[in-house]
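To keep things clear, I will list the structure first and then write my remarks on it.
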Amino acid sequence: MDPAIRYRGRTFGADKIGFIRQLIADHPTVTRTVLSQKLCEAWNWIQPNGSPCDMVARGLLLLLDRAGHIELPAKRFSPPNNVIRHRRPEPLPFLTWNPIEAPLSDLRPVEFRQVRRTGEEALFDSLIETHHYLGYIRPVGEHLKYLIYAHGVPVACMAWSSAPRHIGCRDRFIGWSAQTRRKNIHLLAYNTRFLLLPWIHVSYLASHILSRMARRISADWEEVYRHPIHFLETFEDRERFRGTCYRAANWILLGLTTGRGKADQTKKPNRSLKESWGYPVVRDFRARLGVR
């Protein structure tokens, strides 16, 4: 039987594995890093922002090596331990501001600051770790972080990241095929954290922030990652929340998740069901996502 292996939704059969073996044979003195770069170049594995998919290629090479399909050159360098380098941020319960209880009109204009790779990113991380019930988890892949201010006081935090590869109710709502989804999933953004800080008591602030964010996130994403965003999504734990602010901001309840998680191998629920909410950023979002 021909060797075949599944990786990130793709099947790599004998022809592709043979190509990688020949690539290694043709460059016997190069490092693993150089091999992954050459594989990206040969297969045109390029991110929407023009950078090579180096980590994707490296993950495939390691998977094939561990499965015995190829033999990589010996490792020459071990990077620092990411668990040590990326410790959870320190919670800062003592860092608070005076309570604000006022009508929304008194807070305007609300200021949005995209703080990823800025001096305020550590403050964002610590506020999420301190005050969000899920705490802070370091994002993987494309992501943006926002601190929202009113009159110089932080009032909310919002984080966005790459969308999950497959959500049944979302994919049925969009109406795309598996092939189109794999091609265009990068055009979706997932709201991973939304936190109104505990010193803020302002009616309608959450839905106001969601509406404002929907009007600006595509341009912010394109500035950083060189591609727009056409559809937003999030999940709400229905045992904790009712989705009130998303509904008020005209988000659409798409359905329920399966409760299995992305790494499930049992096809049985192992966590609480979440409500899946979506918001089209543009009217012709289906056409822009490749649906014909």
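List of remarks:
- Per residue of the chain, the DSSP helices (runs of n ≥ 4 H) give a summed -39500 (n - 2.57) that works out to -10000 deg cm²/dmol at 222 nm.
- Structure-derived Kirkwood radius over Cα pairs in Å: which label, when the choices are (i) 19.4; (ii) 20.6; (iii) 21.7: (iii)
- Among 152, 123, 179 the positive-end extreme of the charge dipole of the range 110-190 (Cβ point charges): 179
- About the Cα centre, charge dipole magnitude for the chain (Lys/Arg +1, Asp/Glu -1 at Cβ), debye: 860 debye
- Each peptide among 209-217, 123-131 gets the average number of other Cβ atoms lying within 10 Å of its residues, and from highest to lowest they stand as 123-131, 209-217.
- Estimated from the Cβ-Cβ distance and a Förster radius of 30 angstrom, the FRET efficiency linking residue 223 and residue 287 is about 0.80.
- Rounded to the nearest 0.05, the FRET efficiency derived from the C-beta distance between residue 272 and residue 247 at R0 = 35 Å is 0.95.
- Relative to the longest principal axis of the Cα atoms of the chain, the long axis of helix 205-225 lies at roughly 30 degrees.
- Note on residue 215 and residue 63: with the Förster distance fixed at 51 Å, the Cβ-Cβ geometry gives a FRET efficiency of about 0.80.
- Among the chymotrypsin sites (Phe, Trp or Tyr not before Pro) in the range 192-221, those placed in a DSSP loop whose Cβ has at most 16 other Cβ atoms within 10 Å are 199, 204.
None of the figures in this text is laboratory data; all of them are computed from the coordinates on show. Everything quoted here is computed from the prediction, not taken from an experiment. With ideal geometry, Cβ positions are generated from the backbone for all residues, glycine too; neighbour counts draw on all protein chains shown.
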